[in-house]
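Bear in mind that the values in this text are calculations on the coordinates, not laboratory data. Predicted model only: the values in this text are computed from it and were never measured. For neighbour counting, all protein chains shown are included, and Cβ atoms are generated from backbone atoms with ideal geometry for every residue, glycine included.
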Amino acid sequence: MAQEIEHYLMEQFENVLDGNDKSISKIPRYSQFQAIKTVLKEIFRSSSSLVDQPLRDKLYNLNNALTECQILSRKHGFYSPEELLTINRIRMELKQIKKELKTILGNSNRGSNRNIDEQVVSNVDSISSKDIEPFRWPTRSVDASKVYGFDDDVLSMEKLLVQQESRDRFKAIGVVGREGIGKTTLCQLVFNKPEVKNNFLPRIWVCMARDPDGHEGEDLKVAIVKRMLVYLGVGKETVKSIFDEKHGLEGLLCALYQQLVGKRYLIVLDDAKETDSWYGQLDSCLSRDKKWDDGFAFGFPKGHGGRVMATSRNEEVAKMMVGEKNIHHLLPLSDPDICWAIFEDTVEDSRVEDEDDRVEDDRALLNASNLDDLKLEIKLKCGGLPLAAKMMGQAMRTDRRINLSEFVFDLH
């Protein structure tokens, strides 16, 4: 009976993707669903026993996500900012599901002494690679020429980091704003500024997510400090031995301190969410009545000009970490020209060569007298969120039923 449930859920998933409804190819994240289907088929082919609760849960989640995308695709015109963020959430969920399914596939094949067909897995990766962003690793870069509306924020953050009067003092800064507003992008821009590079060494970028590197079930505090040590150049085996031989988290934080002491470091803690006070008051120093593992702050040496930037959607979390006076708020974009530039770049940069005629038609529309109205409409539709403006451009790019002329028509 258990195997029948999984077969039924798989059949449901396949029937929707491979059915007679040709419009299914227009749903958001279609190529991701197809890539996941390929992995699932290999799992079902390779496994003699499919009584696997995690697999069943993933099939339930996939069918739910597919239904959600079908509902979204029935809407005509552009998605609202909330719908665009929903699509982005689904994209990340599908990425994680695919990663976990490939782990199941590997375990299944090892258990039955069968070799994974490397070509199949490689093909699956190539199908979805352009649709899936990598997780936030320490040296992520951003093309500054494609970023709009952050000039003042970058200058403000750069001054906070390199100001001379506090050159030798530790400082922690929080960047706060809603999802899609550009917190990570802002920190990337600052992180890669020449003056910042010249003033800080080492510089590392740390994802604060619960499971970005596949160690599900490991204590998050331990996982984060391990990541930081690896990014600082400590070998994974050495990190493991520190954890095993020197009393766990206490040993890791002591090692982190030793790696940073005497250095003007810059560390970005991206996407902080945890409300545990252990992450709070990053400017605190280790005292006689405290132990190394009593607080995250004790791994950061003070007095040598070290800096920490933390991004968070939750203002209370950021305040807890860096203090109320050290918060930089990111607000939605108010200039229609900036929203339009993000939208236009996303559309134009991704046009394929066989669409030259359509590109020319679109460019003619961009020069039309109603361009100001169109810019304002884009700004209102995206709610001033850069990510939403970008996803609107992607929607126009990937859905050939939508073009600028139809959108202009909708305005009147």
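What net charge do the residues around Asp18 carry, taking every other residue with its C-beta under 14 Å from that of Asp18, with Lys and Arg at +1 and Asp and Glu at -1?
0
Which peptide among 143-150, 232-239 comes first, and what is the full order, when sorted by highest mean count of other Cβ atoms within 10 Å?
143-150, 232-239
Determine the alpha carbon to alpha carbon distance for each of Lys58/Lys226; Lys171/Lys197; Lys240/Lys291; Lys171/Lys319; Lys236/Lys291; Lys102/Lys390 and list only those over 19 Å.
Among Lys58/Lys226; Lys171/Lys197; Lys240/Lys291; Lys171/Lys319; Lys236/Lys291; Lys102/Lys390, the Cα-Cα distance tops 19 Å for Lys58/Lys226; Lys240/Lys291; Lys236/Lys291; Lys102/Lys390.
Can you list residues from other chains, or at least 5 along the same chain, whose modelled amide H is less than 5 Å from the amide H of Arg203?
The list, which skips near neighbours in sequence, is Leu266.
Sort the following peptides by mean Cβ neighbour count (other Cβ atoms within 10 Å, averaged over residues), highest first: 290-299, 80-89, 338-347.
Output ranking for 290-299, 80-89, 338-347: 338-347, 290-299, 80-89.
Using a 7 Å offset from the Cα along the Cα-to-Cβ direction at both Ser25 and Leu371, what is the distance between the two label points in nm, to one decimal?
About 3.4 nm separates the two model spin labels.
Expressed as a whole percent, how much of the Cα-Cα distance distribution for the stretch 205-323 exceeds 18 Å?
Of all Cα-Cα distances in the stretch 205-323, 49 percent exceed 18 Å.
Would you please state the base-10 log of I(q)/I(0) at q = 0.21, 0.22, 0.26, 0.29 1/Å for the stretch 231-299, with intensities from the Debye formula using one equal scatterer on every alpha carbon?
The Cα Debye sum returns log10 ratios of -1.06, -1.15, -1.35, -1.37.
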